[in-house]
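To start, the structure under review is shown below, and the notes come after it.
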Amino acid sequence: EPEVTQTPSHQVTQMGQEVILRCVPISNHLYFYWYRQILGQKVEFLVSFYNNEISEKSEIFDDQFSVERPDGSNFTLKIRSTKLEDSAMYFCASSTIYEGQTLYEQYFGPGTRLTVT
Amino acid sequence: RKEVEQDPGPFNVPEGATVAFNCTYSNSASQSFFWYRQDCRKEPKLLMSVYSSGNEDGRFTAQLNRASQYISLLIRDSKLSDSATYLCGSGAGNMLTFGGGTRLMVKP
């Protein structure tokens, strides 16, 4: 069964450093997403991406965040200058179609645990 | 602010019991609704989608009440393996908003 994959599984970085989290969505999916989950808290939407551009983003997704689909398979999340409060699990998700206001099922990757020290 | 609210639990039930969770959402523009299961430190896994009034899949039944803006999940004949956190999600536009989850513990 096709699945979303993410690398690395765990990333430790120092405050102020840049990190890039990588995702390979399910191959025939067209919509891609990033979520984060701070330990013990809700899963929070960050951004959605379609046709090589951001389609929606939350308040959390400020100027220090960016997303890119550098080739036909990878989808990345870059955090430019990490802060302690960026420590969280980051999940990538993908979905196959989106019509009007109906959001189709999203399938999540295993996540990257980011620890900022 | 668009919120999804769930009772955090935990719900402690014996094997074989029937258990129900409710979830309320505040965004009246939401068109699609989902239940996900999340095990400790793992990713959310899709359990059920609810696009109209309800959906049933084996022991799991989800219902949607648009007038009252809530979604429910009923689990019949609980198994030990059902122990997890159940996340409710509501979708509007291209964005999925999750509740905080309800923790279920099924005991032998």
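Side notes on the structure shown:
- Selection within the stretch B:50-88: residues that are in contact with a Gly (Cβ under 7 Å, 6 or more places away or on another chain) and within 14 Å of chain A (Cβ to nearest Cβ). The member of this set that is surrounded by the most Cβ atoms within 10 Å (Cβ to Cβ) is B:Cys88.
- Residue match in the stretch A:106-117 (condition: buried (at least 18 other Cβ atoms within 10 Å of the Cβ), more than 16 Å from the chain's Cα centre (by Cα) and at pLDDT 95 or above): yes
- The set of residues in the stretch A:18-59 being in a loop (DSSP other than H, G, I, E, B) and either in contact with a Gly (Cβ under 6 Å, 6 or more places away or on another chain) or closer than 15 Å to A:Thr96 by Cβ (or both) consists of A:Pro25, A:Ile26, A:Ser27, A:Asn28, A:His29, A:Leu30, A:Lys42, A:Asn51.
- Of all residues in the stretch B:89-108, those that are within 12 Å of chain A (Cβ to nearest Cβ) and closer than 12 Å to B:Gln31 by Cα have Cβ atoms under 8 Å from Cβ atoms of residues that are surrounded by fewer than 19 Cβ atoms within 10 Å (Cβ to Cβ) and among the aromatic types (Phe, Trp, Tyr), 6 or more apart or on another chain, in B:Asn94/A:Tyr50; B:Asn94/A:Tyr98.
- Of the candidates A:Ser9, A:Ser27, A:Ser55, the single residue that is within 13 Å of chain B (Cβ to nearest Cβ) and more than 24 Å from A:Thr115 (Cβ to Cβ) is A:Ser55.
- Matching residues in the stretch A:36-50 - criterion: being facing another protein chain (nearest Cβ under 8 Å) and either in contact (Cβ under 8 Å) with a residue 40 or more places away in the chain or within 13 Å of B:Leu96 (Cα to Cα) (or both): A:Lys42, A:Val43, A:Glu44, A:Phe45, A:Ser48, A:Tyr50
The values are calculated or read from the model by the stated rules, or taken from the named source; none is laboratory data. Just so you know, these numbers come straight off a predicted model, no measurement behind them. Heads up, the Cβs are rebuilt from the backbone with ideal geometry, glycines too, and the neighbour counts pull from every protein chain shown.
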